[in-house]
Amino acid sequence: VCDRFNLPLITLPAYTDLSAYPASEFEDKENLIIYSPDSCDKKDQILSRITSELPHYRLVEIKGISFDRFMELATRCRFSITFGEGFDGYLAQPIHQGGMGLAIYNDRFFPSGDIAALDNIFRSEEDMLERICSVIRVLGSDKAAYTTLNARWMEEYNRLYNFDFYVSQIERLALRDFDFYPQER
């Protein structure tokens, strides 16, 4: 990329400061499942299955609302589902709020294949359709499993999106100390 565009590059990690949005505890979560507006071939089937098998959960699509309203829902929901790239805010923000995101693994967007083995990550749309209700039942009724998995995710996010690294990369950018330089021709 450096050579193609003749530009130096630096890694600028994504960082979203969520300190203004306090997390909620397992006991304070509502039987609410929020989900992304993204398209997915099996989305309607997955949502229908949840509605049919887990009628005590309310489904809310995240669409046409402010970030503050999204964060309010992300704090209150017990689960969120992303039908998009998978490793996105529909997964991350509810986890940061003490909740649990559910996603389909996508090796293009997830930072590590190890994540695919976690209970809230599905191998395919078919896998999500087949197992999502049982995963919600188990995690939704087992505080220890739910909070342990949430803590595992928070460790991963803190490793990937370390605030001090974020600040140091911005400082390096200001000093024009890049990670990669184009090769001289």
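The values are calculated or read from the model by the stated rules, or taken from the named source; none is laboratory data. All of these numbers come straight from a predicted model, not from anything done at the bench. Every residue, glycine among them, receives a Cβ derived from its backbone with ideal geometry; neighbour counts consider all protein chains shown. These area figures cover heavy atoms from the full protein model, side chains too; ligands, DNA and RNA do not enter into them. Shrake-Rupley method; radii C 1.70, N 1.55, O 1.52, S 1.80 Å.
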Exercise for the section: Residues that are under 23 Å from A144 (Cβ atoms) and of a type outside the set (F, W, Y): find the helices (runs of 4 or more DSSP H) completely inside segment 24-128 holding 3 or more of those. Expected result: 67-76, 89-96
Exercise for the section: Among what's in segment 27-41 and is more than 17 Å from C133 (Cβ to Cβ) and open to solvent by less than 30 Å² (accessible area, probe 1.4 Å), pick the residue that is farthest from the chain's Cα centre (by Cα). Expected result: K29
Completion exercise
Those residues of segment 106-122 that are at pLDDT 95 or above and open to solvent by 10 Å² or more (accessible area, probe 1.4 Å) come to a total of 0
Exercise for the section: Please identify the pairs in which a residue from segment 52-64 that is more than 7 Å from I33 (Cβ to Cβ) and among the aliphatic types (A, V, I, L, M) has its Cβ atom under 7 Å from the Cβ atom of a residue that is assigned to a helix (DSSP H, G or I) and at pLDDT below 95, counting only partners at least 6 apart or on another chain. Expected result: I62/Y90
Practice task
Can you work out which of the residues in segment 140-181 that are of a type in the set (F, W, Y) and open to solvent by 60 Å² or more (accessible area, probe 1.4 Å) is farthest from P55 (Cα to Cα)?
Solution key: Y181
Exercise for the section: Can you work out which of the residues in segment 66-92 that are among the hydroxyl-bearing types (S, T, Y) and open to solvent by 30 Å² or more (accessible area, probe 1.4 Å) is modelled with the lowest pLDDT? Expected result: Y90
Fill in the blank from the handout: Only unsatisfied item for R4, checking (1) of a type in the set (K, R); (2) more than 22 Å from E125 (Cβ to Cβ); (3) part of a loop (DSSP other than H, G, I, E, B), is (3)
Handout entry: Test for E125: is it free of Cβ contacts under 8 Å to residues at least 40 places away in the same chain and either open to solvent by 30 Å² or more (accessible area, probe 1.4 Å) or charged (D, E, K, R) (or both)
Key = no
